[in-house]
Ligand SMILES: [Mg+2]
């Protein structure tokens, strides 16, 4: 599905962070499963993947309370965040070929992530990508509603002076693809992350009909150029 998108050249590329710039989802999902288990909620990895991938911590807490009757206390959250950041420092790697893809883009780009600002900066710092995104990083904590609502992508575009129609979003999660669509932006789904290789995940992404699906970041610059 890697083909030109057939439109005017992209003016701004908006990257999701987790699973798009950095290969963080296997680490994040592992830590969430451990935290939930410690709180007495044993969930299968597939269910955690389906329900919480690409969601902010605030949204995750809402889902846990509404659908599982579990209230995660501040101590549990702080502990999970501490372990996650330690694991990121030790294990986190960039998505293969992402630096090469960024170098080849012919337009500006930014990052818009469900994660907190400190986590975005940590993720991109330990993977060597932060200098490219400093001053161009947007967090769901800056808007009222997280993905799948369009708020964050609209905020990022408006902050940098671009209309939604001039933006191309790169996302790995169903919630993020839906958010981009709701924002009136074109969206490329990236399925090259370690967490995104299952047929189930790929089918879920394809069902949302993104403008293109790629599993190699080296295919992005040509798509963005249209
Ligand atoms: Mg993501």
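Taken over the C-alpha atoms, region 1-135 has Rg and Dmax values of 16.8, 52 angstrom.
At q = 0.18, 0.24 Å⁻¹, what base-10 log of I(q)/I(0) does the Debye formula yield for region 81-174 when every alpha carbon is treated as an equal point scatterer in vacuo? Log-scaled intensity ratios, in q order: -0.92, -1.45.
Put simply, the C-alpha atoms of region 139-226 give a gyration tensor, and the ellipsoid matching it has half-axes of 22, 16, 11 Å, longest first.
Classify the chain as rounded, prolate or oblate from the Cα gyration tensor: take a ≥ b ≥ c as the square roots of its eigenvalues, call it rounded if a/c is under 1.5, otherwise prolate when a/b beats b/c and oblate if not. Cα axes put the chain in the prolate bin.
Summarise the long-distance tail of P(r) for region 26-91 by giving the % of C-alpha pairs beyond 14 Å. It works out to 57 percent of all Cα pairs.
Peptides 83-89, 36-42, 211-217 ranked from most to least packed by the mean count of surrounding Cβ atoms within 10 Å: 211-217, 83-89, 36-42. A Förster radius of 41 Å combined with the Cβ-Cβ distance from residue 82 to residue 182 puts the calculated FRET efficiency at roughly 0.75. Our estimate of slack between residue 218 and residue 106, defined as 0.36 nm per intervening residue step minus the Cα-Cα distance, is 39.0 nm.
Rounded to the nearest 500, the 222 nm mean residue ellipticity of the chain from helices alone is -14000 deg cm²/dmol, with -39,500 (n - 2.57) taken per DSSP H run of at least 4 residues. Nearest 5 percent is fine: what portion of the DSSP beta bridges confined to the chain is antiparallel? Given both bridge residues lie in the chain, the antiparallel proportion sits at roughly 5 percent.
Coordinate-derived values only; no laboratory data. Values in this document were obtained by computation on a predicted structure and should not be read as measured data. Reconstructed Cβ throughout: ideal geometry from the backbone, glycine too, with neighbour counts over all protein chains shown.
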